[in-house]
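Bear in mind these aren't lab numbers, they're just calculated from the coordinates by the rules spelled out. All figures in this text were calculated on a predicted structure; none of them were measured in a lab. Every residue, glycine among them, receives a Cβ derived from its backbone with ideal geometry; neighbour counts consider all protein chains shown.
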Amino acid sequence: MSVSVIIPAAGFGRRMRSTVNKQNLLLDGRPVLAHTIDLFERHHLIDHIVLVTAASEVDACCTEIVERFGFTKVVAVVAGGDERQDSVRLGLLACPGDDATVVLVHDGVRPFFCGSLLPELVARVRKEGACIVAVPVKDTIKQVEEGKIVSTPDRKSLWQAQTPQGFLLGPLRKAHEAALLAGFRGTDDASLLERMGLPVVVLEGNYRNIKITTPEDMVLARAFIVDSGAIQG
C-alpha cells in the first residue's frame, strides 16, 4: 500500500511581517518549503507528494522548487483555497491511491520533523485509521473570556498538535466532504474526523518540530541549523 503526503503551502503568513511568503523564506540557502519537501523526498516509505500552493505561485513552485531541487516524488502542484481546510481538500483530489492509501498532511513550514518517526506513524495509521504527531503541553494553560480567566485545564491531559497528521485516504476524503456540506471549519484535519466520531490516536513527537510563522520562529530555526549542522531527516 502506498503512502502519499499532502503539503499545504498556500498561506501568505501575515504574522511573518515579510514581503516574501513564509514558505519561500530562505533557510540555510534554500526556501523553507524545499527543506520540508526534502524530508519526504528522501524517505523510503513515501511514494507520492502533492503540493498545494497559492494559485499565483503554482508555476513558480513548479520551476523554482520542484524542478530546481529535483524533487521526483512530487506528482502534482495544485492551487489552494481560501483557508487551509480548503487547500487540503483540493490536495486530496489530486492524491493518488484508493481508500486504503495512507495520506499524511504536513505543514509546508515545518521543516524540522524527525523522519525517524515516519515508520511508527504510518503503522499506527494502518492499524487505527488515523494518527497525529503531538507533544505534551509544557506551560500552564488558561481559558480566558473577555480578559478574565474562567478555568485552568489539567495540563496532564493537554497535548499540542503538530503535523504530520496521518489518515486513510477514504475516511479523510469523506470527513472533508461532510465538513464542506455542513459549513464546518476545523482547527486541523484531525478535528474533521473527531466530528464524525472516528478515533484518532496520538504519537509523541518532539519540540523541535516547530511551525515557522513569525520572525522569532526564523531565529529559532536558524539556531536549530547551527546546532545540528544541517536539517536532519
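Below, the figures for the structure above:
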item	result
Residue-averaged [θ]222 nm for the chain, counting only DSSP H segments that reach four residues, each worth -39500 (n - 2.57)	-8500 deg cm²/dmol
Zero-based 5 Å bins, Cα pair distances in the stretch 34-191, whole percents	2, 8, 15, 19, 19, 15, 11, 6, 4, 2, 0
Extension reserve of the GLU67-ILE225 stretch, reckoned as 0.36 nm per residue once the Cα distance is removed	54.4 nm
Magnitude of the charge dipole, the stretch 9-167, Cβ model with Lys/Arg +1 and Asp/Glu -1, debye to 20	600
VAL201 long-range amide H proximity, modeled H, under 5 Å	ALA130, CYS131, ILE132
Ordering of 132-138, 201-207 by packing [mean C-beta count within 10 Å, highest first]	132-138, 201-207
Violating pairs (Cα-Cα greater than 27 angstrom) within the set LYS22/LYS127; LYS22/LYS148; LYS127/LYS174; LYS73/LYS127; LYS138/LYS174; LYS22/LYS73	LYS22/LYS127; LYS22/LYS148; LYS138/LYS174
Residue (of GLN23, LEU90, VAL66) at the positive-pole extreme of the chain, dipole from beta-carbon charges	GLN23
Protection proxy ranking, peptides 178-185, 151-158, 23-30, 92-99, average beta carbon neighbours within 10 Å, highest first	23-30, 92-99, 178-185, 151-158
Extreme residue, positive dipole direction of the stretch 169-233, given options HIS176, THR213, ALA190 (C-beta unit charges)	HIS176
Mean Cα-pair separation over length for the stretch 1-144, i.e. relative contact order, pairs under 8 Å, 6 or more apart, %	33
